[in-house]
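Take a look at the structure below.
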Amino acid sequence: MNGQVRAGLPARPGTHPPRHSPALPPAAATLSSMPDSTIRVRIAPSPTGPLHIGTARTALFNFLYARHVGGTFLFRLEDTDVARSTAEFERDIIDGLHWLGITWDEGPDTAGDMDHGPFAPYRQMARLAIYKEASDRLVAADLAYPCFCTPEELDADRKAQEAARQPPKYVGRCANLAPDERTARLAGTGRPPATRFRVRPGVVGWNDMIRDRIEIDTTNLGGDFVIVRGDGTPLYHFTVVVDDAAMEISHVIRGEDHVGNTPKHILLFEALGHAVPVFGHLPLILNPDGTKMSKRKSQTAIDDYRAEGFIREGLVNYLAYLGWSPGTEEDVLPLDEIIAKFDIDKVHKGGAKFDRGRLEWLNGQWIRRLEPNDLIDRLRPYLQAAVDDGRISRLPADDEVGPLLPVVQERLPTLAAVVDLVGFLWIDDLVVDPALVVPKRWDPATTHEALVAARDILAAHDTVTWEADELEPPLRELAETRGWKAGDLFMAIRVAVTGRTATPPLFDTLVALGRELTLARLESAAAVVGAPTVR
RNA sequence: GCCCUCAUCGUCUAGAGGCCUAGGACGCCACCCUUUCAAGGUGGAGAUCAGGGGUUCGAAUCCCCUUGGGGGCACCA
């Protein structure tokens, strides 16, 4: 990617009003170059759904770009789709981005807030007057015009085009109406007109930050497009441009699915008399089948990943490496180093399939790097959730979890996995499958004998010295004197006290269980195998 | 139908004409460690760089074509 050829910008330095100094970048600001305050990027999600993984990735790349060059990153809510926008989604998006560690210099920091920054408000429904002024200006200059077409007419047009195997396109019915014709159309439809932007003939091109030169003939844009609905609310293509212009956005970094929108936006910037920002189109995140990642085929809500126990460090690291790599062989990289190394010129052009297995591995890497107390804090909500839905009987205290960490931390692919791993510790009435207690090479009678013997040995053990390395020798000795394989004995004990065949190391487990519970479970398991149900 | 766009192991990627008989990671397989499961270590299989033409002394890297994939074409964003 040649960064030297850039469209329009950095926009008219002299014409911008004095800028407020942006909030200081995070401590991580290991800038590899001088801060560039002329660079302003944004993420502008629509609160019509929970934070989508694609939105998070786009936000992350904008954030990385801004922080790397010392520019400004802002957050704007595009809530003009009133029917689908909700305060709940707004909260989910903002909280989700914050959770990932993505911060912005301008825009609402919490749902409902809108006054943080020099260009407030940052919520489009609060900026209606601005769009109104802009559309009036375009209509006055005849760069846009009122369109009286009804949904039925437009639908019929579209159907006819489809039948004729033609690309969908506005037919221009209202493009050149005389004043009296407009009056007549208005009377005929009886509804307020929408406003359409005139698409001028010619070719529109730009030097994309990541895919070089792109040129599109405007005849392929689908004709004049609506910028304001009949009810007066503005549409996306219009609001993005008006706001990106007003908020002095210098670089628009967004998903590849916007490539076809870019010529429309460039036309609008020109009509509005504003310098055109630089555009950069990121490759898409793909479903396993190679199509654009969708809710239908993949898990797309960031909050669902959080609920499963993915941690921000893992998710951010993974997302950053989807379509970008530092060019070194480091796979596990903290956010501050990603910022320092981020280079938009190294962003790929091709889409990347979402690989959950790789995400889990990376998440495990990050969990292993967590400080013990931090890990306990992060584990607590997942333990509480297990209490809430009855998977475990009680919430263990921090000082119960702490000692477990050495054997648990390296076994967790996700935080939620802690319940599967050691949940048996906090289950009051553990159910043990009799068939599972009997080791492969053993029969129920041997197992019963072994469990009873093990119980007696452990019962004879002094309570004060209930330590892993003191519990092991006598049991090994038991196996040896009876001619049993230690592994078989251990497995029988393991299943008896945990109900599972895969657990942390046995003696650490017995210590965690405590003397009483260990003995009680050995007894009840012995009873279970000792009295097999007759088939 | 039209427009745009992309193309290195199954997956994420390194690669900016000779350092490439293509490197790393995930996953997979084997071994080591080992009381199970993980983690960790070692090794292995796995890509004729989509195919075909050029350019060049030399191409995964540059150009063209083909094929395949993807995105888009609303009074959604």
For A:Gly280, what residues show an amide H to amide H distance below 5 Å, using hydrogens built from the backbone and excluding near sequence neighbours?
A:Met209, A:Val252, A:Ile253, A:Arg254
List the residues, sorted by chain then number, that are 5 or more residues from A:Asp79 or on another chain and whose placed amide H is less than 5 Å from its amide H.
A:Gln124, A:Met125
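Provide the FRET efficiency to the nearest 0.05 for the A:Asp109-A:Glu470 pair, computing r from the beta carbons and using R0 = 45 Å. Could the numbers behind the result be given before it?
Working: r = 54 Å, r/R0 = 1.21.
Taking R0 as 45 Å, the efficiency between A:Asp109 and A:Glu470 is 0.25.
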By a straight-distance test (C-alpha under 28 Å), which lysines pair with A:Lys292 as possible cross-link partners, with residues fewer than eight away in the same chain excluded?
A:Lys159, A:Lys169, A:Lys264, A:Lys341, A:Lys346, A:Lys349, A:Lys353
Given backbone amide H placed at 1.01 Å from N, residues whose amide H is under 5 Å from that of A:Val228, ignoring those fewer than 5 places away on the same chain, are A:Thr195, A:Leu235
Using Cβ contacts closer than 10 Å as the measure, can you line up A:Thr189, A:Thr446 from fewest to most?
A:Thr189, A:Thr446
Per-residue Cβ neighbour rank within 10 angstrom, fewest leading, A:Lys440, A:Lys169, A:Lys341, A:Lys159
A:Lys440, A:Lys159, A:Lys169, A:Lys341
Residue by residue through segment A:219-227, the couplings from Karplus 6.51 cos²θ - 1.76 cosθ + 1.60 with θ = phi - 60°, in Hz, x for Gly and Pro, are 5, 9, 8, x, x, 4, 10, 6, 10
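Based on the Cβ-Cβ distance from A:Asp155 to A:Asp36, what FRET efficiency comes out when R0 is 45 Å, to the nearest 0.05?
On the way: r = 48 Å, r/R0 = 1.07.
Here the calculated transfer efficiency is 0.40.
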Gap separating the Cα centres of segment A:42-88 and segment A:141-185, nearest whole Å:
33 Å
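Can you give the helix-only mean residue ellipticity at 222 nm for chain A, where every DSSP H stretch with n ≥ 4 adds -39500 (n - 2.57) and the sum goes over all residues, rounded to the nearest 500 deg cm²/dmol? If you can, show how the numbers build up before the last one.
Numbers: 21 runs with 227 residues, N = 535.
Rounded to the nearest 500, it is -13000 deg cm²/dmol.
If R0 is 45 Å, what FRET efficiency do you get for A:Val431 and A:His348 from their C-beta distance, rounded to 0.05?
On the way: r = 51 Å, r/R0 = 1.12.
It comes to 0.35.
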Once phi is turned into ³J(HN,Hα) by the Karplus curve 6.51 cos²θ - 1.76 cosθ + 1.60 with θ = phi - 60°, what whole-Hz value does each residue of segment A:327-341 show in order, with x for glycine and proline?
x, 10, 9, 7, 9, 9, 9, x, 3, 5, 6, 5, 4, 4, 9
Stretch A:Arg369-A:Arg229 to full length: gain in nm at 0.36 nm per residue minus the Cα-Cα span?
45.2 nm
Roughly what would the spin-label model give for A:Leu128 and A:Ile214, points 7 Å off Cα along C-beta, in nm?
3.3 nm
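So what is the relative contact order for segment A:445-535, in percent, with contacts set as C-alpha pairs under 8 Å and at least six apart? Could the numbers behind the result be given before it?
Values: 73 pairs, mean separation 41.4, N = 91.
Taking the mean separation of contacting Cα pairs over the length of segment A:445-535, I get 45 percent.
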Can you work out ³J(HN,Hα) from phi for every residue in segment A:420-426, in order, using Karplus 6.51 cos²θ - 1.76 cosθ + 1.60 and θ = phi - 60°, giving whole Hz and x for Gly and Pro?
5, 5, 10, x, 4, 5, 10
According to the Cβ-distance criterion of 4.7 Å, cysteines of chain A with no possible disulfide partner are A:Cys149
Taking a label point 7 Å from the Cα of A:Glu516 along Cα-to-Cβ, the residues of segment A:441-469 whose backbone nitrogen sits under 20 Å from it are A:455-468
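Readers should treat all values here as calculations from the given coordinates under stated rules, not as data from a laboratory. Keep in mind the model is a prediction, meaning the values are calculated, not measured. Cβ sites come from the backbone with ideal geometry, for glycine too, and all protein chains shown count toward neighbours.
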